[in-house]
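Comments concern the structure below.
The values are calculated or read from the model by the stated rules, or taken from the named source; none is laboratory data. Note that the coordinates shown come from a computational prediction; the quantities given were computed from them, not determined experimentally. Cβ placement follows ideal geometry from the backbone for every residue including glycine, while neighbour counts extend to all protein chains displayed. SASA here: full protein model, heavy atoms, side chains in, ligands and nucleic acids out. Shrake-Rupley method; radii C 1.70, N 1.55, O 1.52, S 1.80 Å.
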Amino acid sequence: MMKKHAVFPARALLAATAAVLALSAQAYAQSPAKPAAPTTPTPNAAGSGPSAGASTPVQQAEAFANIFATTCAKYASSLGALRTKLAPLPTMPADKAAYFLQGQPGKVWPVPDPHGSFVVAIPDGQNLCAVYARRVGVPQSVAWFKKLANEAPAPMVARQVQDSKSASPLNGTAHTIAYEWAAPDATKRVLYSLTTSESPTADLQGLASVTYAP
């Protein structure tokens, strides 16, 4: 007898993830006392090595992609292992981390990178991991995200579940795309989401996340 396809509230998962990320970004953008940008390494005395200000949109997008791929995406189903890996690194102070966690308990790690300012945020008690980017090349970021999100490992299948835009007076037009990975006759789901803003004055131009539902 054919096994009945498992019912899973994919829309509920998507809505919950989007709500957490939207509130985090909104709180960060609208606060009159924004946390300082994560610091980046200082070029050496000889002047070698790129600085964040000199980085191109392509370099920013590549850094964004690499950080997301080696943290949230790699450890989507084992965030405990990622927390352990990141534990020795400095975390953002609780008052500043709250902007990225929307007041929820959790940890936020600034990620020093010569091409921009990035943070990794992991709320406690949730299978959610997010990477925030202050400045990124938006077309390049969308391109790498779509490539990653469309390459679901067998037997899982990728499908796009969101493509929407919203306006914000502080961040301009925000574009969100999301993909779900799911296997036939299984309850396990993985949701990838990317929100970007091309406004040069946006407080945050990139926010990539992954949510795992076993």
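A few comments on the model shown:
- Total residues in segment 179-212 satisfying the condition of being buried (at least 19 other Cβ atoms within 10 Å of the Cβ) and either over 16 Å from TYR132 (Cβ atoms) or modelled with pLDDT of 90 or more (or both): the figure is 21.
- Restricting segment 81-97 to residues that are open to solvent by 40 Å² or more (accessible area, probe 1.4 Å) and in a helix (DSSP H, G or I), the residue that is nearest to ARG134 (Cα to Cα) is LYS96.
- Among residues of segment 134-159 that are acidic (Asp, Glu), those with a beta-carbon under 9 Å from a residue that is surrounded by fewer than 19 Cβ atoms within 10 Å (Cβ to Cβ) at least six positions away or on a different chain give the pairs GLU151/ALA158.
- Across segment 107-119, the qualifying residues are those that are more than 15 Å from the chain's Cα centre (by Cα) and closer than 14 Å to THR71 by Cβ, and the one among them that is most open to solvent (accessible area, probe 1.4 Å) is PRO112.
- Between ALA178, ALA213, ALA182, ALA208, the distinction of being closer than 22 Å to HIS115 by Cβ and in contact with a helix residue (DSSP H, G or I) (Cβ under 9 Å, 6 or more places away or on another chain) belongs to ALA208 only.
- Filtered residues of segment 120-178 (kept if over 25 Å from GLY80 (Cβ atoms), assigned to a loop (DSSP other than H, G, I, E, B) and open to solvent by less than 40 Å² (accessible area, probe 1.4 Å)): VAL136, GLY137, ASN171
- Members of segment 92-106 that are more than 17 Å from the chain's Cα centre (by Cα) and either closer than 19 Å to GLY206 by Cβ or at pLDDT 85 or above (or both): PRO93, ALA94, ASP95, LYS96, PRO105
- Counted residues, segment 72-95 - those being under 20 Å from ARG189 (Cβ atoms) and hydroxyl-bearing (Ser, Thr, Tyr): 3
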